1. From 392, 416, which residue is modelled with pLDDT under 85, more than 21 Å from the chain's Cα centre (by Cα), polar (S, T, N, Q) and more than 23 Å from residue 279 (Cβ to Cβ)?
2. For the condition out of contact with any helix residue (DSSP H, G or I) (no Cβ under 6 Å at 6 or more places or on another chain) and basic (Lys, Arg), what is the one hit in 507, 497, 512?
3. Being free of Cβ contacts under 8 Å to residues at least 12 places away in the same chain and either acidic (Asp, Glu) or within 30 Å of residue 579 (Cα to Cα) (or both) is the requirement here; does residue 511 meet it?
4. Give the residues of segment 74-127 that are surrounded by fewer than 16 Cβ atoms within 10 Å (Cβ to Cβ) and β-branched (Val, Ile, Thr), sorted by residue number.
5. Of all residues being of a type outside the set (S, T, N, Q) and touching a strand residue (DSSP E or B) at 6+ places or on another chain (Cβ under 7 Å) in segment 257-274, which is nearest to residue 229 (Cα to Cα)? Just the residue, please.
6. Quick test for you: out of 504, 496, pick the one residue that is in contact with a strand residue (DSSP E or B) (Cβ under 8 Å, 6 or more places away or on another chain), at pLDDT below 90 and among the small types (Gly, Ala, Ser).
7. Touching a His at 6+ places or on another chain (Cβ under 9 Å), part of a helix (DSSP H, G or I) and not hydrophobic (A, V, I, L, M, F, W, C): which single residue out of 251, 202 fits that description?
8. Say whether the condition of being touching a His at 6+ places or on another chain (Cβ under 7 Å) and at pLDDT 85 or above is met by at least one residue in segment 60-81.
Amino acid sequence: MLDKSGLSSHKGEDTGVFSANQILTEPQTPQTAPSVVASSQPVPGVATFSHLTQKLETYLSKADMQRVREAFRYADEMHLGQIRKSGEPYISHPLAVAEICADWKLDTQAIMAALLHDVMEDQDVKTEELIERFGAPVAGLVDGLSKLEKLQFQNHVDAQGENFRKMLLAMAKDVRVILIKLADRLHNMRTLDVMDMSKRRRIARETMEVYVPIAHRLGINNLYREMQDLAFHNMHPYRYETLDKAVSTARGNRHEVLGRIHDTVSSALEKSGIHAEIYSREKTLFGIYRKMRQQNLAFSQVLDIYGFRVVVNTIAECYATLGVLHSLYKPMPGKVQDYIAMPKLNKYQSLHTTLVGPYGAPVEFQIRTHDMHHVAETGVAAHWLYKNPNENLTDIQKHSLGWLQSLLDIQQQTGNSAEFLEHVKVDLFPDSVYVFTPKAEIIALPREATALDFAYNIHTDVGNQTVAVKINNEPAPLRTELQNGDIVEVITSPTSRPNPAWLSFVRTGKARSCIRSHLRSVNMADSIELGKRLLQQALQSVDMDPALDQPVIDKLLYETGSKTLDDIYMDIGVGKRLAALVARRIIGLTDEVKRKKESRTRQKEEPKTAAPQPVIIYGSEGVNVQLASCCLPIPGDTIMGELNMTRGLVVHQAECPVAKRQIAKEPEKWINVAWGEDLNRSFDCRLKVTVHEEKGILARVAAEISESNANIVHVGMETQEDFTVLRFTVQVEDRTHLANLMRRVRHIPGVTQIGRERN
């Protein structure tokens, strides 16, 4: 049975005290998968058109209802004979999606698109036919929702990224696309229990990573909470069921206390002349589970499972209610948050306070107006009777459209689908930090955002030309993490350009995509040269002449969709294609008769091929070749190279533990590399120096390093009981230079040990 909170009730079941870690040690899949699916409302049976019309008649005209009926008849005809895996007629799914959209009071075009959203994908209906029957706006919505099933992708990540990229292009123009898509995903999650467990987990993980954060960012909190719990249920069914039973038991134990608090607060507000609606609320199962994991708590230690929501008429009454509550119960320090004056990124507004209730149990209160409550539950969908995108929009709708436009900017600057999806996930942080421009404008950024993220948030050109920042009128590094209330001033120069090192500390998707886009454009020649070298090495490793015949080149360009051979070289150089796979395809495109003969001979005799020539590394290739931060290789080290889709060629020490683990997982991505001659530059290297704790020892070690013609980049110190550990990042020319430096430091009185250090 489902109670009002949407959580399955199991009355009378006893449960012991357990911790998050104990849940994790249990099997993730019970012998019989649970069939109960949690939702914010009882899951109805098969959707019917009569259910939908009952909802639509409350706000649509008769003419609009007739258009919806025409869309339903067409969808019903297109899906005739199709059956869902549950055994229901397929038309029940579009109907259910349309019902969810009707709950949000979306307009006629959106309801029609919800009913038709699968006809292009499943029945190969052309856009032109939909335009002719239902008009261009409806056809545009359906097209934006259709997946790219007919294109071939290298893997599921690429397919997911491409689908989302196409959906983004449509929803940046019309936000109704994402609202219908969220309704579609919600109904699929509600009926996911008929799928096999591996598919359930994959879909649930995708929902948790992409669609749940989008729902949160758009402020649709009821949808956000339900999809989050459904994803948790399908990813970890055993943990879900165990936690559900514990919450059910706790609910019964605390019923009397909650009733007492409700009556006390209601009476106090009435005496103060405040008319309020008070609702009890329960933390979602996933919210409890996340808190247990993050804070390493047992279930019995999670005390704020229950709380109250107080809805009043005006903002003034919100603050007056806060005063009444604080006079009744003692507030917990640091637990009062004013989201009315400083709304969240998704424009959520409420006052939050946690009070020490009867028997010492903490109880959270959320205080808001009726309008705030409506926006908090339905977000961008609030009052969304679509007219002109520039007219009569609420603040949250304008804000959401601005966010969607920023995603459009990211996709235009992103190299590939997987990278785009990575940027979007990074930019979907639910928490935020609020900072100010010098003109006192408030800027909301994701938590842990840096001063450089702030610069890119202002404008791409501001970020690209940043040379320094001031935080609270004091100079600060670009990597400085911003805190609430900081005043940030950006100093730019027309000659400044992005640095590859910036990618290591920026947090927002926009900053990452802008930096990578610029680096790609200025390092194109380096990427082409590196890709050419990698492909030549791959061809030589299979005894193939790197000089390609023109017919082979023409076929290769046709198959890859590239315009020139340099495009393929650049894709290889930046890691979008693997040189070994391209070389294998080139072999398949050579003279067919000769190729088959050589293939049979090679399979029978299996001759030893010549060892592939290593790719030469000079350390000056720019962003296309990076020295791994985990081991910081220097000339003289034996090295290996990893072809990384987003970072190009990453060079590791051959003995690096990180490299060894990755080679075991994906050996095809690793190639032989070697240092070139006359490198003529310095390389970072980490040193760990153990010394006796005595006065001036740090200065003596630092002076000796400088005397060795090495530059000190960073110094850290850690004091132990009987000794001190000094950690230096120094710049040296090669292993010989490093050996001389270490020899000089080792002879300093007080130094007991020195060695290189890996992360």
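1. On the way: 416 fails: more than 21 Å from the chain's Cα centre (by Cα).
Testing whether each residue is modelled with pLDDT under 85, more than 21 Å from the chain's Cα centre (by Cα), polar (S, T, N, Q) and more than 23 Å from residue 279 (Cβ to Cβ) leaves just 392.
2. Details: 507 fails: out of contact with any helix residue (DSSP H, G or I) (no Cβ under 6 Å at 6 or more places or on another chain); 512 fails: out of contact with any helix residue (DSSP H, G or I) (no Cβ under 6 Å at 6 or more places or on another chain).
It is 497.
3. Working: free of Cβ contacts under 8 Å to residues at least 12 places away in the same chain: no; either acidic (Asp, Glu) or within 30 Å of residue 579 (Cα to Cα) (or both): yes.
Criteria not met by residue 511.
4. Answer for segment 74-127, where residues must be surrounded by fewer than 16 Cβ atoms within 10 Å (Cβ to Cβ) and β-branched (Val, Ile, Thr): 83, 127.
5. Here is the first cut: in segment 257-274, the ones of a type outside the set (S, T, N, Q) are 257-263, 265, 268-271, 273-274.
Filter again for touching a strand residue (DSSP E or B) at 6+ places or on another chain (Cβ under 7 Å), leaving 258, 261-262, 265, 274.
On the way: 258: 24, 261: 27, 262: 27, 265: 30, 274: 35 Å.
Filtering first and then ranking leaves 258.
6. Working: 504 fails: in contact with a strand residue (DSSP E or B) (Cβ under 8 Å, 6 or more places away or on another chain).
It is 496.
7. Working: 251 fails: touching a His at 6+ places or on another chain (Cβ under 9 Å).
Criteria check complete, one pass: 202.
8. We begin by selecting, within segment 60-81, every residue touching a His at 6+ places or on another chain (Cβ under 7 Å); these are none.
Checked segment 60-81: no residue is touching a His at 6+ places or on another chain (Cβ under 7 Å) and at pLDDT 85 or above.
The values are calculated or read from the model by the stated rules, or taken from the named source; none is laboratory data. Model, not experiment: these values are computed from the prediction. A quick note on method: Cβ atoms are made from the backbone with ideal geometry, for glycine too, and the neighbour counts reach across all protein chains shown.
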